[in-house]
Amino acid sequence: MKLIDLTHPFPNKMPTYTGDQKPRLDQIASVAKDGYADHKLETTMHVGTHIDAPAHMIECGKRIDELSLESFRGQGVCVDAREKKEMDIEMLRNRDIKKDNIVLFCTGFSKKYREESYFIDFPVMDEALAMELMKRKVKMVGFDTPSPDKPPFLIHKILLGAGILIIENLTNLESLLSHKHFDVQAFPLNIVADAAPARIMAVTK
């Protein structure tokens, strides 16, 4: 068994989506000065690798803390979306995607994570693909981009409206393209909110 970390580290200067509040991670105590170390974190929920719950876009949708632990793990499928400007339904052709699968889209865009273009020029998902994922009743979808779509966020609303959770800002998805079978463990902090930071990994054999 091998664990592959799909999560970006969370340093003090974390890149954010255009218009989002910048997070702060400050050391407020040190072993040398205080006898112990401590840090203070100030952040919105949609910074770094995180999971969107239905409440993010759906009125009266469930928050992260209202979802069962089983919602955050499952059999993974990694779809090669590199060199794509738009992710479409053709990408699922001949792919065995079943109910409750966690589908990860590898665009290769995570390599631009600390560049301005990461939050501007990222590839997006089209409506037909989102509807097909809804039809197949997948559990969760994940992207190595900041979002599956852009304003007015129709794809968010389709997926979250169907109870499909969304993982954003993944990394290392290229390492999964050669694996036909793997599991995903994607557990967020148990925060009473519409989304939460998460430590996400793939478990391969």
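Only the coordinates and a few stated rules stand behind these numbers; no lab work does. These numbers come from a predicted model, not from an experiment. Note that each Cβ is placed from the backbone with ideal geometry, even for glycine, and that neighbours are counted across all protein chains shown.
What the table below lists for this structure:
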read-out: Karplus-derived HN-Hα couplings along segment 87-102 (A = 6.51, B = -1.76, C = 1.60, θ = phi - 60°), whole Hz, x at Gly and Pro; value: 7, 10, 5, 4, 5, 8, 4, 6, 9, 8, 10, 10, 4, 6, 5, 10
read-out: Vicinal HN-Hα couplings computed from phi for segment 139-147 (Karplus, 6.51 cos²θ - 1.76 cosθ + 1.60; Hz; Gly/Pro x); value: 8, 7, 10, x, 9, 8, 9, x, 5
read-out: Given charges at beta-carbon only (K, R positive; D, E negative), |dipole| of the chain in Debye; value: 500 debye
read-out: Estimated inter-spin distance, Lys157 and Glu86, nm [label 7 Å along Cα→Cβ]; value: 1.9 nm
read-out: Beta bridges per DSSP with both ends in the chain, % antiparallel, nearest 5; value: 65 percent
read-out: Residues of type lysines that Lys135 reaches as a straight line, Cα spacing below 25 Å, ignoring anything fewer than 8 places off in the same chain; value: Lys62, Lys84, Lys85, Lys98, Lys99, Lys150, Lys157, Lys180
read-out: Within-9-Å neighbourhood charge of Asp52 [Cβ basis; K, R +1; D, E -1]; value: -2
read-out: Rounded FRET efficiency, nearest 0.05, which uses the C-beta distance separating Lys22 from Met134 and R0 of 35 Å; value: 0.55
read-out: Eligible aspartates and glutamates near Lys40 by straight Cα distance, threshold 12 Å, same-chain separation 8 or greater; value: Asp26
read-out: Gaussian network model of the chain, springs between alpha carbon atoms under 10 Å - residue of Ala186, Ala130, Ala37 with greatest fluctuation; value: Ala37
read-out: Whole-angstrom gap from segment 157-173 to segment 35-53, using each part's C-alpha centre; value: 19 Å
read-out: Gain upon complete extension [Asp38, Asp96; 0.36 nm per residue less C-alpha separation]; value: 16.2 nm
